[in-house]
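The values are calculated or read from the model by the stated rules, or taken from the named source; none is laboratory data. These numbers were taken from a predicted model, which means no experiment stands behind them. Cβ: placed from backbone, ideal geometry, glycine included. Neighbour counts: every protein chain shown. For the accessible areas, the whole protein counts, side chains as well, though only heavy atoms, and no ligand, DNA or RNA atoms are used. Shrake-Rupley method; radii C 1.70, N 1.55, O 1.52, S 1.80 Å.
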Amino acid sequence: MTKVELQQLSKQFGEVTAVSHVSLTAPDGRITALLGPSGCGKTTILKTIAGLLTPSSGDVLFNGRSILPIPAEKRNAVMVFQNHLLFPYLSVGENVGFGLKMRGVEAAVIRQKVEEHLAMVQLPGLANRRPNELSGGQQQRVALARALIVEPTVLLLDEPLSNLDAHLREEMRQLIRSLQRALNMTTIVVTHDQEEAVLLADQIGLMFDGKLAQVGPPSDFYERPSTRQVASFFGATNFLVGEKRGNVVETAVGSLQIAPNPIADGPVQLTIRPEHVQLVPADGRLPNQLCATVQEAIYAGTHTRLRLILGSDTALTLLTSPSAAKTVGVGTAVHLHLPPDHLWPLP
Amino acid sequence: MTRIKQTLQPRTLILAAIVVGVLLPFVPLLLWSVSFRWLYPSVLPESLSLRAWQYVFSPRAEVLSALGYSTLVALLVTALSILIGLPAGRALGLYKFRGKTAVRFLILAPTIVPTLAAAMGIHVLFIRYGLVDNVLGVVLVHLIPVLPYVVLILSGVFANYNPDFEAQAQTLGASAWQRFRHVTLPTIFPALMVAGLFAFIISWSQYILTLLIGGGQVVTLPVLLFSFVSSGDNAITAALSLVFIAPALLFLLATARYLSGNQASLGGFGKL
Ligand SMILES: Nc1ncnc2c1ncn2[C@@H]1O[C@H](COP(=O)(O)OP(=O)(O)OP(=O)(O)O)[C@@H](O)[C@H]1O
Ligand SMILES: [Mg+2]
């Protein structure tokens, strides 16, 4: 039962600043995802929590107490590396039992616990195999069992799904979620895939260039992104430049109503997710109605993506059902509705 | 059945060729050691005798004492060279640091510079510190030709070494010693065997350095052997040669399986 706090954590490698003033709380018994593009400092943070790296400044707290003086081998913060790192000279069982052997646990107890944990990751009876006799997905699960067997206070997973194909990803994701729920273990997952973070985590910390851009539940990143960069990372493509005054924003395509929100008046960018832009019949009763021309229709099986031009050069994308898209060919004029509570202003 | 035979045959042939090739040179030595009279045109000795072997194993010959000295020196050199070569090889193979090329060159220098030249200079120094005429001095001077090979082999294996395995063990609760014992050691074990083999054999076959620093007090097998070569007694020289070669050969056979070409431990040579 551990709450993990990062306070103003920074890490330099010589000239390179890998992590800069990151403050984040990973709540007890929840999954927190550290999300961000390659090289933004995710692994560095994970290794700092594990004790494999010393921060340049800032602090790491477990349940309110700094753990920086404690060496990695005593922290019980177990990291599962990106490429699983099973010891090739040990059997699968010896790999899983490694942590217990280091703690001097009796061989018979280890053997029994190894079987239990192999069963837990759905690999019963494979204790005598060699790691290279397992598939990639099985190796990943053995690495997970090897971490879980020592009952870590914090489980640190670095890209646990990145080496797996789509089908195995789904399976592994469910396994991680169900084990985490059953064991109620504070877990921090590193990933560069926003979909994975959303499906796996209770809380996401999104990072760019060593800095934390936004922290919150997954839905926040769709509904209340803090910057254009955050919105783009989560797949937003529609941005309208304008001047905000109260609940109205003047843009190049007209004045638009928005829902009440805490953003200060002044220049803003309005964003709306493609799935929230609606095609409507031409009548004047809805607010935020606009005329547009269809420029391109991209069929994607479950939906069709329409690219539209408003006015002279404002582009918008919307998602609609393939059947609805049939009625609007390329070049036709359409009417759009931008629901005020889905228009979100970015500073 | 026939298919298995076919795939086995070339291998067995090659193996047989190697065994014959390695062992053939010993046949004349063996014959010499038991010959009494062996004059030019005859293919085999005219009469046989165990005189040479009786002499070799008699206390008078001091062969056993020389065998003891050689073994003691070679084992100490092996242990010491690995103790030094392990951290040096790790630093050279794993880490980037300024002056790495210079350090690498300095370590390799003894393989290029004639050791005798260096030993002459060292001799003076060794006299001052009381390191001549004793085993310790001989062991230290043997390190000069031995260390380059040991460091080279070990830096080769560390060049392909992933230190994340140690980090993984550490987060699982392994102490520094446990990480060495359960991660580093099993990973580099084959290279360690090869390095040990090189150290042992190079030390085992040193002559001039031993003579120079040992000053006739540390009589190892090569020192003894050369005194017989100059005496011109072929039978005893041959018997002694066999005694000299046997332990090295045994050591080689014991570690041969680590010498196969696909071992990462030999990667260091690719870098030369
Ligand atoms: N040991 C190191 N020495 C020097 N620079 C390093 C070191 N480790 C990481 N870095 C640098 O720090 C930055 C962050 O690296 P980090 O591995 O934390 O990124 P990441 O977010 O995990 O990326 P990825 O998704 O590619 O794994 C990178 O610019 C990297 O080059
Ligand atoms: Mg990483």
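Here are the numbers for this structure:
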| quantity | calculated |
| --- | --- |
| Ranking by accessible area, most exposed first, for B:Tyr149, A:Tyr299 with a 1.4 Å probe | A:Tyr299, B:Tyr149 |
| Charge dipole (debye, nearest 20) of the protein assembly as shown; +1 at Cβ of Lys and Arg, -1 at Cβ of Asp and Glu | 1340 |
| Relative contact order %, chain B, counting alpha carbon pairs below 8 Å whose residues are six or more apart | 28 |
| Under 19 Å from the B:Phe36 label point (7 Å along Cα→beta-carbon), backbone N, segment B:226-240 | B:233-239 |
| Heavy-atom accessible surface of chain B: percent carbon and sulfur, 1.4 Å | 71 |
| Accessible surface, 1.4 Å probe, highest first, among residues A:Lys47, A:Lys3 | A:Lys3, A:Lys47 |
| Cut-off 14 Å (backbone N to label point 7 Å along Cα→Cβ of B:Ala176), residues of segment A:41-73 | A:71-73 |
| For B:161-170, mean number of other protein chain Cβ atoms within 10 Å | 6 |
| Calculated FRET efficiency for the pair A:Thr227/B:Leu64, C-beta based, R₀ 60 Å, to 0.05 | 0.10 |
| Where labels lie 7 Å past Cα in the beta-carbon direction, separation of A:Arg177 and B:Leu29 in nm | 7.2 |
| In sequence order, calculated HN-Hα J values of segment B:104-111 (Karplus, 6.51, -1.76, 1.60; Hz; x Gly/Pro) | 4, 5, 4, 5, 7, 3, x, 7 |
| For A:Arg129, distant residues with modelled amide H under 5 Å away | A:Val92, A:Gly93 |
| Candidates A:Phe87, A:Phe98, A:Phe13, ranked by Gaussian network fluctuation over chain A, Cα under 10 Å, top entry | A:Phe13 |
| Residue-level accessible surface for A:His117, protein heavy atoms, 1.4 Å, Å² | 10 |
| Centre separation in Å (Cα based) which lies between segment A:159-226 and segment A:295-330 | 31 |
| Surface accessible to a 1.4 Å probe, A:Arg141 within the full protein complex, Å² | 40 |
| Residue among A:Gln269, A:Gln112, A:Gln180 with the largest mean-square fluctuation in a Gaussian network model of chain A, springs linking Cα atoms under 10 Å | A:Gln112 |
| Cα gyration tensor, chain A - rounded (a/c under 1.5), prolate or oblate | prolate |
| A:Cys291, A:Cys40, ranked by accessible area, largest first (probe 1.4 Å) | A:Cys291, A:Cys40 |
| Candidate aspartates and glutamates - alpha carbon under 18 Å from B:Lys96, same-chain residues fewer than 8 apart omitted | A:Glu15, B:Asp164 |
| Other protein chain Cβ atoms within 10 Å, averaged over every residue that makes up B:172-184 | 5 |
| Across A:Lys47/B:Lys100; A:Lys3/A:Lys74; A:Lys3/A:Lys47, pairs whose alpha-carbon gap is larger than 22 Å | A:Lys47/B:Lys100 |
| Carbon + sulfur, % of accessible area of segment A:236-346 - ligands and nucleic acids excluded, 1.4 Å | 55 |
| On Cα atoms only, tilt of A:136-148 relative to the major axis of chain A in degrees | 70 |
| Helix B:135-159 axis, angle to chain B major axis (alpha carbon atoms, nearest 10°) | 50 |
| Fully extended contour minus Cα-Cα distance, from B:Phe226 to B:Leu44, at 0.36 nm per residue | 63.0 nm |
| Nearest 10 degrees, 0 to 90: helix B:2-23 Cα axis against chain B principal axis | 60 |
| Sites A:Val105 and B:Leu108 - FRET efficiency at Förster radius 56 Å, r taken between beta-carbons, to 0.05 | 0.75 |
| Accessible surface buried once B binds A (1.4 Å probe; total of both sides; Å²) | 1800 |
| Label point distance in nm, B:Leu94-B:Asn160, each placed 7 Å from Cα along Cα→Cβ | 1.7 |
| For chain B, calculated [θ]222 nm from helices alone, where every DSSP H run of n ≥ 4 adds -39500 (n - 2.57) | -23500 deg cm²/dmol |
| Three-way shape label, segment A:102-204, alpha-carbon gyration tensor, a/c 1.5 | oblate |
| Exercise: per-residue mean of other protein chain Cβ atoms within 10 Å, A:207-219 | 0 |
| Amide N of segment A:222-244 lying under 13 Å from the label point, which is placed 7 angstrom from the Cα of A:Glu195 along Cα→Cβ | A:235 |
| Value of relative contact order over segment A:236-346, rounded to a whole percent, pairs C-alpha under 8 Å and six or more apart | 32 |
| Listed residues A:Val330, A:Ser162, A:Pro71: farthest to the positive end of the dipole of chain A (Cβ charges) | A:Pro71 |
| Formal net charge of residues neighbouring A:Leu118 (Cβ-Cβ distance under 13 Å; K, R +1; D, E -1) | +2 |
| Of A:Pro281, A:Pro27, A:Pro37, the one that fluctuates the most in a GNM where chain A has Cα springs shorter than 10 Å | A:Pro281 |
| Nonlocal amide H pairs with A:Val268, under 5 Å, H built at 1.01 Å | A:Gly242, A:Glu243, A:Lys244 |
